[in-house]
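Below: the structure, in structure tokens.
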Amino acid sequence: MELLQGTLDVLVLRTLAWEPMHGYAVSRSIHQRTEGVLEIEDAPLYKALHRLERAGFVAAEWGVSENKRRARYYSLTPAGRRQLKAEETAWRRYAEAVFKVLEPV
Amino acid sequence: MIWGRLFRLPWRTSRQISRDVDEELGFHLDMRIEALVATGLTPADARVRALREFGDLEDARRYIGAVDRDIEASQRRNDYMRDLWQDLGYAVRKLGAAPAFTLAAIATLALGIGANTAIFSIVNGVLLREPAFPQADHLVRVLYSQQGHPDVSTPMDIVDDRTHATKFVGFSIIEGMTANLVRDGADAERIPGVRVGANWFSLLRVTPLAGRFFADGEDQTGAAKVAVISEALWRRDFAASPSVVGKLVRINSTPYTIVGVAARDNGYPFSAELWIPKVFTPGELNDQSRGARWLSMLARVRDDVAVSVANKDIEQVSALMETKFPEVFRERRAHLATVQAFTVGDVRKPLLIMLGAVAFVLLIACANVANLLLVRATARESEMAVRTALGAGRGRLVRQLMTESVLLSLCGATVGLAIAKVGMTALLSRAPQSVLLMTRASIDATTLAVTALIAVVTGVAFGLLPALQVAKNDLTSALRAGAGGVRSRPSANRTKRLIVVGEIALAVTLLTGAGLLLHSFTKLLSVDPGFKPEGALSLKLALPPRTYDSTRTRAFVAALEARARALPGARLVGISNMIPLDGSSYGFTFVIRGRPQPRSSDESSAEVRVVTPDFFSAMGTPVLQGRAITLADRPGTAEGIVINKAFADRFFPKDNPLDQALALGWGEDTGRVMRPIIGVVADMHATALAEAPEPTVYLSMAQHPMTSLSIVVRADGDPASLGSGLRSIVRDLDREVPVYSLQTMSERVAGSLGRERFFATLIAVFAAVALLLSAVGLYGVIAYAVTQRTRELGVRVALGASASRISRMVIGEGFALTAAGLAVGIAGAASVSKLLSTFLFGVSGTDGLTLLGVVGTLLVVAVLASWLPARRAARVDPLVAMRGD
């Protein structure tokens, strides 16, 4: 299934809300949580991560991965947390509205 | 948790960013391949799958690289701004913590920068701003000189130049005039105006504010009488009404129609308020009249020709005319001066000198603040060491200190602007007439920009040295010594001393300049003007020549004299065609009886004055020989002539002047009537006190009534109180005669020295400020040296040095610095006095008295500045001093 425009950002933010993680972990986490339903390529994911960094929603720092390699870890900034909340609310309201139409009366 | 970086990461280069991106994406792919291999795929298949899952790798690399570079750039900006804010905040706290230092530094800088702003704004308004005419750099005055002396133009010059010169758009003559302007229902008014060619305003390339300018042919005989007025006159007398166009006024008793108004910046000469066309009579435009010269000339050089080329052109024309008329035009040459250069000619050099003088003041101010900062830097060494230990780089420390000094100088500049504003008002109100254009000076955008620039450069200049000194510091020794309090390095002390020597040298140079100008000024003040200025009032008036023939003029003069004498408090009343120290000249050639007729270009000329019998006694000018003009010298009797001493000395050094007679090239009887010399009077300075009195002849007003008049009343009491009485007498006699230039003779003497007084006062103020600042600088260094040496002094006292010996030692140190500064300064002063030599009167550039005064002043200042620290040094208690650390 194709990803709706702007969905990726909110998914990344949501994923980083649990704990700081590197890009690969974000990618795996999203794949697992969506159970493979959404076809998400990694290229747009990394683009989203850096775009979010530029916007000040996430901060990046080099760290050491589980297998002792240098990896870039991302974490949510307070501004990112606020952004996530706003987007989550918007998504829920959107989905509710769509469902209201789709549900049989 | 605070987000954003607590410690600054090193800035990344573009290449490093690409490398980081590759590493991040490489890590992802490796991780994925590893995971896929673990599920049983071959490494090659795993790689293909991982890449497919990833999507467009190249596009991602490019995109991410670009985003990261953005992030990096904005981070640098933020770091920079944060550092700046940090530095500023720190600087404000630090400066606030030392209010005495801060106030002293700001006050010093405000003085220096304020003075510079004031003078610069005047220089900017006078010298740098071009007149508002299009292509003003091609608008020139044509100037003549003959046998090395400045000469003016004859009407034929314009004919010659028009015929032979090829590099010009056009020429116009200028004839100065003062006009009696009479309009409906108002008193007559005396206004400055000019007569010009009809092409005048088209040469200037300006358009009228209202109405029109002159049309071709309006300067020809028989043309309608038209006039253009200035915007100032239009606003003052005609309430800026557009209906002024077509209005009829009377100018010198002739009706003229006002046709147009020239906007404020569009009029030339700048002082003119009225322009009327000059109509030449055929008698003025012929080869015989080439000797008669009284005009000036304006020209416009063709746009495609350089002024220097046109200058050569006009010079060749004058050379050609000399070959045609070798008698009258012997060694007569023309040259060009742009309108700009011509207008500011006499104030250009003094203004530049003043600009140099204020620059000196600013340098001294900088030196003082630099020294203050050096002292502070020593006191702050341990603070800086601690900051270095905590990881502040040297560059960072220098930057922080520079922020402090630039902040100081910006504060100084802000206060300085206020000083400049007040200073300018004071300066302009005292500016002499010849600095007339200064009214265009103001604190405008250019001045503000220059002030800001001065402030920043100043801040860097005085901040750099102390900042580098601090950065040179060696960490461990500073920390160790820091606990023991003030510590100093010999090199820092040497710097401070050198700075003070430099300051004193600058002050000496300025002081010498000021001393020379002031000495020259006192010499001018002591020049005998040839009359007694105290207790005399003078006033000028001009009878309209058209309505005043000689009979009517004679009657007017007699009535004026009689009624003025009847004024209560008036003792003596004299009337002349001109008043001394007026700056104007009325010279005519003459021939002495029994001597050979000289060639026309070699003829001597004398100033011609026409006076009433009481003129000399009213002026207080003694008759040296023979008699003055008396009542007996009335129309119809034989005409005698009175000469001044300069005339007698020059032309009759051996003969008795009373045996001689002259024929004047003046009046209806030009050169034909020999008049016997009947008396010799003392020399009155006709133009200026600085100029030697010209040979002058005096004729009887009754025999030669003049329409241009000056009246002098010697009063019993305060002469100024007679002014209104005199005014109303003239108004009663004829309402159309304007009264102007009402001044006591003392005011005239003072006014004639306006320029000299202005510049002498200005440089004296600068020199005083410079002296004060260097005295403070010297005091600072000596006082600081005493605190530093407290322990040493204590030892000396303990070993038996007497108090007087200690203070002698300290004062000696001040003297040594002063002497070094004097030596350097006097060398500098030599070149300054050369620069000033053209402005000096009766004083040589190497005037011993001035030099002695400068040295004396400096030594007194040195003693005063060292005395306070010396007293402190002498009171050092050895026990306290040695326990000190």
Per-residue average of Cβ from other chains inside 10 Å of A:18-27: 3
Column: log10 I(q)/I(0), Debye, Cα scatterers of chain B, q = 0.05 Å⁻¹: -0.48
Prolate/oblate/rounded call for the stretch B:14-91, Cα gyration tensor, a/c under 1.5 rounded: prolate
Cα centroid of the stretch B:91-148 to Cα centroid of the stretch B:622-668, whole Å: 53 Å
Backbone HN-Hα couplings from phi across the stretch B:643-658 [Karplus 6.51/-1.76/1.60, Hz, Gly and Pro as x]: 10, 9, 5, 4, 5, 4, 5, 6, 9, 10, x, 10, 7, 7, x, 5
Per-pair calculated FRET efficiency, R0 = 51 Å: B:Ala449 and A:Ser75 via Cβ, rounded to 0.05: 0.60
Residue-wise HN-Hα coupling along the stretch B:86-100, computed from phi with Karplus coefficients 6.51, -1.76, 1.60 (Hz; x: Gly, Pro): 4, 4, 5, x, 5, 4, 4, 4, 5, 5, x, 6, 10, x, 5
Too-long pairs where the Cα-Cα distance tops 19 Å, listed order kept, from B:Lys349/B:Lys834; B:Lys540/B:Lys645; B:Lys225/B:Lys540; B:Lys94/B:Lys496: B:Lys540/B:Lys645; B:Lys225/B:Lys540; B:Lys94/B:Lys496
Cα-centred dipole magnitude for the stretch A:7-102, charges only on beta-carbon of K, R (+1) and D, E (-1), debye, nearest 20: 240 debye
Once exposed loop chymotrypsin sites (Phe, Trp or Tyr not before Pro) are cut out (DSSP; at most 12 other Cβ, 10 Å), longest piece of chain B: B:295-885
Residues B:Cys366, B:Cys411 arranged by fewest to most Cβ contacts within 10 Å: B:Cys411, B:Cys366
Unit charges on C-beta of K, R, D, E only; dipole of the stretch B:149-330, Debye: 360 debye
Test item: B:62-73 mean partner chain Cβ contacts at 10 Å: 3
Cα lying deepest toward the dipole's positive end in the protein assembly as shown, options B:Gly828, B:Leu793, B:Thr696, charges on Cβ: B:Leu793
Placed amide H near B:Gly679: partners under 5 Å, 5+ positions off or other chain: B:Arg627, B:Ile641, B:Ile643
Net length gained if the chain between B:Leu464 and B:Ala562 were fully extended (0.36 nm per residue, minus Cα distance): 27.7 nm
Per-residue [θ]222 nm for chain B (sum of -39500 (n - 2.57) over DSSP H runs n ≥ 4, rounded to 500): -18000 deg cm²/dmol
Ranked B:Leu658, B:Leu773, criterion: other C-beta atoms within 10 Å, fewest first: B:Leu658, B:Leu773
Cα-centre dipole for the protein assembly as shown with unit charges at Cβ (Lys and Arg positive, Asp and Glu negative), debye to 20: 2900 debye
Likely footprinting exposure, B:Arg494, B:Arg236, fewest C-beta neighbours within 10 Å first: B:Arg494, B:Arg236
By average C-beta atoms within 10 angstrom, highest first, the peptides B:258-266, B:716-724, B:221-229: B:258-266, B:221-229, B:716-724
Whole-number D in µm² s⁻¹ for the stretch B:548-735, Kirkwood Cα-pair radius fed into Stokes-Einstein, 20 °C, 1.002 mPa s: 124 µm²/s
Dipole axis of the stretch B:194-243 (+1 Lys, Arg; -1 Asp, Glu on Cβ), positive-most option in B:Thr221, B:Phe201, B:Ala239: B:Ala239
Distance from the stretch B:16-43 to the stretch B:344-401 (C-alpha centre basis), Å: 58 Å
Overall form of the stretch A:1-52 per C-alpha gyration tensor (a/c, 1.5; a/b vs b/c): oblate
Loop-located GluC sites (Glu not before Pro) in chain A whose Cβ has at most 12 other Cβ within 10 Å (DSSP): A:Glu2, A:Glu35, A:Glu39, A:Glu66
Other-chain or far-sequence residues with amide H under 5 Å of B:Leu572's (modelled H): B:Arg714
Residue-by-residue Karplus 3J(HN,Hα) for the stretch B:768-780, coefficients 6.51, -1.76, 1.60, Hz, glycine and proline x: 5, 4, 4, 5, 4, 4, 5, 4, 4, x, 4, 4, x
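We did not get these values from a lab; they are worked out from the coordinates using the rules stated. Bear in mind the structure is a predicted one, so any value in this text is a computation, not a measurement. Positions of Cβ are backbone-derived with ideal geometry, glycine not excepted, and every protein chain shown enters the neighbour counts.
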